[in-house]
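Here's the structure, in structure tokens; my notes come after.
The values are calculated or read from the model by the stated rules, or taken from the named source; none is laboratory data. If you're wondering where the values come from, they're calculated on a predicted model, not measured in any experiment. A quick note on method: Cβ atoms are made from the backbone with ideal geometry, for glycine too, and the neighbour counts reach across all protein chains shown. Areas reflect the complete protein model, heavy atoms only, side chains present, ligands, DNA and RNA absent. Shrake-Rupley method; radii C 1.70, N 1.55, O 1.52, S 1.80 Å.
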Amino acid sequence: MIVNKKIITKIEGEATLKLYKKNEIIEFAQIEFWQYRGIEEFLKNRHYLDACVINPRVCGICGHSHLIATAKAIEDALNIEITEKAKILREITLGLEIIQNHIKWFYLTLYPTIKKIDFFKAFEFSKEIAKIIAIIAGQFPHNSYAIPGGVTCDLTNLDILKIKNSLKKMFDKYQNVIDIKGDSKDLENLFNGISKELGKSINKFLVLGDNLYFKSNGDVEFVKEEQSISFNKNVLYKDEFVEVGPLARNLNNKLIKVIYNSYKDSIYTRIFARIYEVNLIFKYLLKIIDEININEKSYIKPKNCSGTGIGIVEAPRGSLIHKVEIENEKIKNYEIIVPTQFNLSNGTKNKPSAAQASLMNENEKFADFIFKCFDICAICVSH
Amino acid sequence: MLDVKKVKQRIEELRKLPGIASKPLSEVLEENGFTRRDFLKWAGTMAVALGLPASFAPVIAEAAEVSDRLPVIWLHLAECTGCSESLLRTASPTIDTLIFNYINLEYHDTIMAAAGWQAEENYEEAVKKYKGRYILCVEGAAPTKDNGDFLTIGPEAETGLHKLKRAAKDAAAIIAVGACSSFGGIQAAYPNPTGAVGIYKVLDKMVVNVPGCPPSDRNIVGTIMYVILYGQLPAVDNFNRPKFAYGMRIHDLCERRGHFDAGEFVEEFGSQEAMNGFCLYKMGCKGPYTFNNCSRERFNQHTSWPVQAGHGCIGCSEPDFWDSMAPYEEPLANHKFESVSADATADKVGITILTIAGVAIAAHAAISAIKNPKE
């Protein structure tokens, strides 16, 4: 058996992939992350509002999801109900972060592992979408407009009109990437000469968040962290490894189900679910933006100052969990579990994690491609 | 400094060097739908941003065209990629980012075409080939504890600290992009478990700091353009920040400044005062202590910035702001909530933010609050 150490870059950080192989066929894989920053340590003994400023810095790519998860966790701890308007605004910015993440991932991270492509295509979307987020949140990346109790901004009707207009424009444009019927030239081109059965995984899915149109199918109580071989920690659900992310949360969509039925959880299904999810989110956002009542309050002041809470959101890469313990306005304890930890845990050959299972029994030349279809975020893992 | 002749001479010298880009800038711009007119307009605004007279615009345009003669190597240390995101992906393709792409073809962890081993080879080659000529941009802090073992990069598991020192040795200029590489950033916040520091602390060379979390693309490209124009680093303040970008306080040009002067403050999020867009000083806005041009340049192609969205400035371009500016939703003068960091940074605060101007502002705020007839 030959062991090949492969350095995976361009995943917002770096990971080391150890491949155990026989005649170019991967028998087993181990994933290591060699960075550590210690974000949870910084939060202790600070005022809980500070978490809303610090936590987006866990990640420059999906920082907004961390912000919303933080606000939700604190609201859970202090028993705060927010207004419908604040909820909708948060849904819009979070949905937009997922959209621009998927487009950039597809053209900038995934595509170049197989074929050359003009990745400026992705920028046409990300630029415009970041602008919509900026109208609501001030800037993108790294803003702190969501606070426990609501949001800080007060939009006018003109702002709403601008947002709606841009959303429609982007939705129309996205039909050239993949249309609502599921036809995509770029995707077919990517799989030209590659089997759509490639990279089947463990076929166990978990959804914990219930933001946007997603529906939870599990209970966070059964999620456990355990030590791993490098700086990251393994995450299990009911003592089993599971897959989280766009495929897991969109399996109730008819079109995605059809593809799932023919190719199971191969990387084709996973990639399709990811880029098709963008259409579904656009549709959902265009629906909820009409439900905004700008006369509602943006913010409701919290009354309690102690408690424990959990905030869960479906982030671009899957279920993101924040747990907080507040005592007299001070953070006593904070814990973050990110989606990449679920997908990229280090199991054994008999009990592999989602990413490990998808790599096993495949040709080594596809290792980068298969690995990156999980949209890895090394920076989130090493928070 | 305003010697056009000298700058032209330098551009001519650069022109003689072999270019790295595969095609001229004019073609790259054209392919992305920008006209020559757009480009000259960009050069004009860049001149203004750099604090130069408008007559410099054509020279800046020329400098941009030869910018591929000075390769840029972009190193990622302990960070979140937010700065690259701010510059390369989210706000693109503006002319700023296209030009940056055009300059930076040599090595960038996130956007370069090569990956894995190949990328590491490219890096080694670039450092050798352009010895003494490349501009080194660093994103992220350097963890120093346990000999820097909290961050290892590449196939040889080299520590970030070692890689940085090696790259800095033969760099023509070193630019720290973002709060982390400038002053340590979030990694260096109390209790700083990895011993993270700004890169200037571990290098024995001059480092220009372009702090912010993230800094705007205009400030990053502006600093690089300056180096290309003059062949030297821009004028800096006492924290080594370019004066053209960090010369004034957020507060000086803030759109809510009028309300500050009139004593009209927001005292609770979601209140009528918040809806009216009053001053956020009492909600913990650190604009009066923060030197940066956000209130002038804004973000995402001039769309908005945090204060416009109703959240106070957090002071992200100031050293140690994660500790010294906390809690972020309370005015510093209040001392209503003493966080653990208050003890941790007692010594830092003295030298960093509470400048005489800052104290004067706090006093002014107190007086205007008293004068406010509504109270």
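Per-residue answers, yes or no, for (1) in a loop (DSSP other than H, G, I, E, B); (2) of a type outside the set (A, V, I, L, M); (3) more than 8 Å from chain B (Cβ to nearest Cβ):
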| position | (1), (2), (3) |
| --- | --- |
| A:HIS102 | no, yes, yes |
| A:TRP105 | no, yes, yes |
| A:LYS115 | yes, yes, yes |
| A:PHE123 | no, yes, no |
| A:ALA134 | no, no, no |
| A:PRO141 | yes, yes, no |
Quiz item: If you check B:VAL266, B:VAL221, B:VAL197, which single one turns out to be open to solvent by less than 10 Å² (accessible area, probe 1.4 Å) and closer than 24 Å to B:ALA172 by Cβ?
Solution: B:VAL221
Quiz item: Of B:LEU14, B:LEU75, which residue is at pLDDT 80 or above and within 14 Å of another protein chain (Cβ to nearest Cβ)?
Solution: B:LEU75
Quiz item: Within the bounds of region A:238-248, is there any residue that is more than 27 Å from A:ASN165 (Cβ to Cβ) and in a helix (DSSP H, G or I)?
Solution: yes
Practice problem: Take the residues in region A:282-309 that are open to solvent by less than 50 Å² (accessible area, probe 1.4 Å) and among the hydroxyl-bearing types (Ser, Thr, Tyr), then tell me which one is nearest to the other protein chains (Cβ to nearest Cβ). | Solution: A:TYR299
Quiz item: Does B:HIS251 satisfy being surrounded by fewer than 22 Cβ atoms within 10 Å (Cβ to Cβ) and part of a helix (DSSP H, G or I)?
Solution: no
Practice problem: Write out, first by first residue and then by second, each pair whose Cβ atoms fall under 7 Å of each other, whose residues are 6+ apart or on separate chains, and whose first residue, in region B:1-24, is open to solvent by 70 Å² or more (accessible area, probe 1.4 Å) while the second is of a type in the set (Val, Ile, Thr) and assigned to a helix (DSSP H, G or I). | Solution: B:LYS8/B:VAL59
Quiz prompt | Residue list for region B:187-219, restricted to those being within 14 Å of chain A (Cβ to nearest Cβ) and within 30 Å of B:VAL7 (Cβ to Cβ) | solution = B:PRO211, B:GLY212, B:PRO214, B:PRO215, B:SER216, B:ASP217, B:ARG218, B:ASN219
Quiz item: surrounded by fewer than 20 Cβ atoms within 10 Å (Cβ to Cβ) and at the interface with chain B (Cβ under 10 Å from one of its Cβ atoms), is that true of A:LYS181?
Solution: no
Quiz item: If you scan region A:31-56, which residues turn out to be surrounded by fewer than 20 Cβ atoms within 10 Å (Cβ to Cβ), of a type outside the set (Asp, Glu) and more than 7 Å from chain B (Cβ to nearest Cβ)?
Solution: A:LYS44
Quiz prompt | Only listed residue being open to solvent by 10 Å² or more (accessible area, probe 1.4 Å), outside any strand (DSSP E or B) and farther than 19 Å from A:LYS264 by Cβ, chosen from A:ASN350, A:ASN361 | solution = A:ASN350
Exercise. Would you be able to tell me the number of residues in region A:143-169 that are open to solvent by less than 60 Å² (accessible area, probe 1.4 Å) and within 14 Å of chain B (Cβ to nearest Cβ)?
Key: 16
Exercise. Taking A:ALA71 as meeting all but one of (1) touching a helix residue (DSSP H, G or I) at 6+ places or on another chain (Cβ under 9 Å); (2) open to solvent by 10 Å² or more (accessible area, probe 1.4 Å), write down the number of the exception.
Key: (2)
Quiz prompt | Qualifying positions in region B:281-297 - closer than 15 Å to B:ILE250 by Cα, free of Cβ contacts under 8 Å to residues at least 60 places away in the same chain and open to solvent by 10 Å² or more (accessible area, probe 1.4 Å) | solution = B:CYS285, B:PHE291, B:SER295, B:ARG296
Quiz prompt | Those residues of region A:1-31 which are in contact with a His (Cβ under 9 Å, 6 or more places away or on another chain) and modelled with pLDDT of 85 or more, in sequence order | solution = none
Quiz item: Quick one: what pairs do we get from region B:238-262, first residue closer than 25 Å to B:GLN272 by Cα, second open to solvent by less than 30 Å² (accessible area, probe 1.4 Å) and of a type in the set (Phe, Trp, Tyr), C-beta under 7 Å, 6+ apart or different chains?
Solution: B:ARG256/B:PHE278; B:HIS259/B:PHE278; B:PHE260/B:TYR281
Quiz prompt | Residues of region A:205-215 satisfying the condition of being assigned to a loop (DSSP other than H, G, I, E, B) and either among the aliphatic types (A, V, I, L, M) or buried (at least 16 other Cβ atoms within 10 Å of the Cβ) (or both) | solution = A:LEU206, A:VAL207, A:LEU208, A:GLY209, A:ASN211, A:LEU212, A:TYR213, A:PHE214
Quiz item: Among the residues of region A:78-106, how many are without any contact (Cβ under 8 Å) to a residue 60 or more places away in the chain and under 15 Å from B:GLU85 (Cα atoms)?
Solution: 2
Exercise. Answer yes or no as to whether A:TYR20 is at the interface with chain B (Cβ under 10 Å from one of its Cβ atoms), open to solvent by 10 Å² or more (accessible area, probe 1.4 Å) and not hydrophobic (A, V, I, L, M, F, W, C).
Key: no
Quiz prompt | Failed condition for A:GLY199, given (1) in contact (Cβ under 8 Å) with a residue 40 or more places away in the chain; (2) within 30 Å of A:TYR48 (Cβ to Cβ) | solution = (2)
Quiz item: What number goes with the only condition from (1) open to solvent by 20 Å² or more (accessible area, probe 1.4 Å); (2) assigned to a loop (DSSP other than H, G, I, E, B) that B:SER317 does not pass?
Solution: (1)
Exercise. Name every residue in region B:216-248 that is more than 28 Å from B:GLY310 (Cα to Cα) and in a loop (DSSP other than H, G, I, E, B), in order of residue number.
Key: B:GLY231, B:GLN232, B:LEU233, B:PRO234, B:ALA235, B:ASP237, B:ASN238, B:PHE239, B:ASN240
Quiz prompt | From A:ILE132, A:ILE54, residue being touching a helix residue (DSSP H, G or I) at 6+ places or on another chain (Cβ under 8 Å) and closer than 25 Å to A:LYS301 by Cβ | solution = A:ILE54
Quiz item: In region A:254-275, how many residues are open to solvent by 10 Å² or more (accessible area, probe 1.4 Å) and either under 20 Å from A:ILE194 (Cα atoms) or free of Cβ contacts under 8 Å to residues at least 60 places away in the same chain (or both)?
Solution: 10
Quiz item: Among (1) open to solvent by 40 Å² or more (accessible area, probe 1.4 Å); (2) part of a loop (DSSP other than H, G, I, E, B), where does B:CYS213 come up short?
Solution: (1)
